[in-house]
Amino acid sequence: MTEAQPAPKFQFVGGDLSLDFCNTVGGKRGGIAREKLHSVNDFISWGEQAKLLTPNQAEVLRSYAARHPSEAAELLSRATELREAIFRIFFSAAKEKKPAQDDMARLNAELSASLGRLRIAAARDGDGFGWQWADEKLEPEHLLGPIARSAAELLVQPDLVAKIHQCDGDNCGWLFVDCTKNRSRRWCDMRDCGNRAKVRRHRKRHENKS
């Protein structure tokens, strides 16, 4: 019997759920891209790490996916198609270009399929009211709703859309909302791409001196 593969660890540096979902592809699209969602279980793990699912809910969905492999494969395809549509929409918006109609249609299709599960309810901490997802019968596709809604809510905030940037890393295409005061953020994560760039600059200065 083969051992179960450990769940991949995802990073959440985009400043928005939908951008973090776009960032489940490493590298640059059109260049050397690295897919991180190889299975529906990876997608479920991302949802758990994004706090969309509790550990118990994640196990329920993994069990469901194991019993329905065809549905799981279809969902993974649907999820990655939504992800790429959202990426292209925000990539276009960040460059002040109009998104493709097909991409907007994909996003709106997922909104139509999911928003009927939204309910207004008392906040769990007892302070006021808020939106909650009705998941009496939890299924893996329910992960798509919060992602689509997050993308839609970001899109209708032009001040935030104007702050969406792509990492300046040589082989990084991650998107993020730049919330720095002087709009100076260049990297998805200073500890990752930013540090590599710093090392390269240091090496180049050292070479120039020699």
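Run down ARG83, ARG119 and say which single residue is exposed (fewer than 14 other Cβ atoms within 10 Å of the Cβ), touching a strand residue (DSSP E or B) at 6+ places or on another chain (Cβ under 8 Å) and not aromatic (Phe, Trp, Tyr). I'd like the intermediate steps shown before the answer.
On the way: ARG83 fails: exposed (fewer than 14 other Cβ atoms within 10 Å of the Cβ).
One residue alone meets the criteria, ARG119.
Of all residues in the range 59-80, which are open to solvent by 70 Å² or more (accessible area, probe 1.4 Å) and β-branched (Val, Ile, Thr)? Write out each step before concluding.
We begin by selecting, within the range 59-80, every residue open to solvent by 70 Å² or more (accessible area, probe 1.4 Å); these are 59-60, 66-67, 69-71, 74.
The one that is open to solvent by 70 Å² or more (accessible area, probe 1.4 Å) and β-branched (Val, Ile, Thr): VAL60.
Only residues that are among the acidic types (Asp, Glu) and at pLDDT 95 or above: list them for the range 1-30, please. So that I can check it myself, show each step before the final result.
Here is the first cut: in the range 1-30, the ones among the acidic types (Asp, Glu) are 3, 16, 20.
Residues satisfying the conditions are ASP16, ASP20.
So in the range 66-110, with the set limited to residues that are modelled with pLDDT of 95 or more and of a type in the set (Phe, Trp, Tyr), which one is farthest from ILE164 (Cα to Cα)?
Within the range 66-110, the match that is farthest from ILE164 (Cα to Cα) is PHE87.
Can you tell me which residues in the range 1-23 are part of a loop (DSSP other than H, G, I, E, B) and of a type in the set (A, V, I, L, M, F, W, C)?
To start, the set of residues in the range 1-23 that are part of a loop (DSSP other than H, G, I, E, B) comprises 1-16, 23.
Answer for the range 1-23, where residues must be part of a loop (DSSP other than H, G, I, E, B) and of a type in the set (A, V, I, L, M, F, W, C): MET1, ALA4, ALA7, PHE10, PHE12, VAL13.
Would the range 18-26 turn up any residue that is surrounded by 19 or more Cβ atoms within 10 Å (Cβ to Cβ), touching a residue at least 40 places away in the same chain (Cβ under 8 Å), over 22 Å from ARG149 (Cβ atoms) and in contact with an Asp or Glu (Cβ under 8 Å, 6 or more places away or on another chain)? Lay out the reasoning, then the answer.
Taking the range 18-26 as the starting set, the residues that turn out to be surrounded by 19 or more Cβ atoms within 10 Å (Cβ to Cβ) are 18-25.
After this cut, where a residue has to be touching a residue at least 40 places away in the same chain (Cβ under 8 Å) as well, the list is 18-19, 21-25.
Okay, now just the ones that are also over 22 Å from ARG149 (Cβ atoms), so none.
No, the range 18-26 contains no residue that is surrounded by 19 or more Cβ atoms within 10 Å (Cβ to Cβ), touching a residue at least 40 places away in the same chain (Cβ under 8 Å), over 22 Å from ARG149 (Cβ atoms) and in contact with an Asp or Glu (Cβ under 8 Å, 6 or more places away or on another chain).
What number of residues within the range 45-93 satisfy the criterion of being farther than 28 Å from LEU154 by Cβ and among the β-branched types (Val, Ile, Thr)?
Number satisfying all stated conditions: 1.
Any residue that is surrounded by fewer than 17 Cβ atoms within 10 Å (Cβ to Cβ) and among the small types (Gly, Ala, Ser) - is there at least one of those in the range 42-58?
Checking the range 42-58: not a single residue is surrounded by fewer than 17 Cβ atoms within 10 Å (Cβ to Cβ) and among the small types (Gly, Ala, Ser).
If you scan the range 81-113, which residues turn out to be among the polar types (S, T, N, Q) and farther than 16 Å from ILE147 by Cβ? Talk me through it step by step, then tell me what you get.
We begin by selecting, within the range 81-113, every residue among the polar types (S, T, N, Q); these are 92, 101, 108, 112.
Matches in the range 81-113: SER92, GLN101.
Here is a yes/no grid of residues against (1) crowded, with 16+ Cβ neighbours inside 10 Å; (2) at pLDDT below 85:
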| position | (1), (2) |
| --- | --- |
| LYS137 | no, yes |
| ILE147 | yes, no |
| GLU153 | no, no |
| VAL156 | no, no |
| VAL177 | yes, no |
| ARG185 | yes, no |
| MET190 | no, yes |
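When the range 158-175 is examined, which residues are found to be part of a loop (DSSP other than H, G, I, E, B), of a type in the set (A, V, I, L, M, F, W, C) and crowded, with 18+ Cβ neighbours inside 10 Å? Working first, answer last.
Of the residues in the range 158-175, the ones part of a loop (DSSP other than H, G, I, E, B) are 162-163, 167-174.
Narrowing the set further to residues that are of a type in the set (A, V, I, L, M, F, W, C) leaves 162, 167, 172, 174.
Scanning the range 158-175 gives CYS167, CYS172, TRP174.
Among the candidates SER92, SER112, SER45, SER150, single out the residue that is free of Cβ contacts under 8 Å to residues at least 60 places away in the same chain and under 29 Å from PRO6 (Cβ atoms). Show your work before the answer.
Working: SER92 fails: under 29 Å from PRO6 (Cβ atoms); SER112 fails: under 29 Å from PRO6 (Cβ atoms); SER150 fails: free of Cβ contacts under 8 Å to residues at least 60 places away in the same chain.
Result: SER45 is the single residue among SER92, SER112, SER45, SER150 that is free of Cβ contacts under 8 Å to residues at least 60 places away in the same chain and under 29 Å from PRO6 (Cβ atoms).
The values are calculated or read from the model by the stated rules, or taken from the named source; none is laboratory data. Note that the structure is a prediction, hence the values are computed from the model and not measured. No Cβ is skipped: glycine too gets one built from the backbone with ideal geometry, and neighbour counts run over all protein chains shown. These area figures cover heavy atoms from the full protein model, side chains too; ligands, DNA and RNA do not enter into them. Shrake-Rupley method; radii C 1.70, N 1.55, O 1.52, S 1.80 Å.
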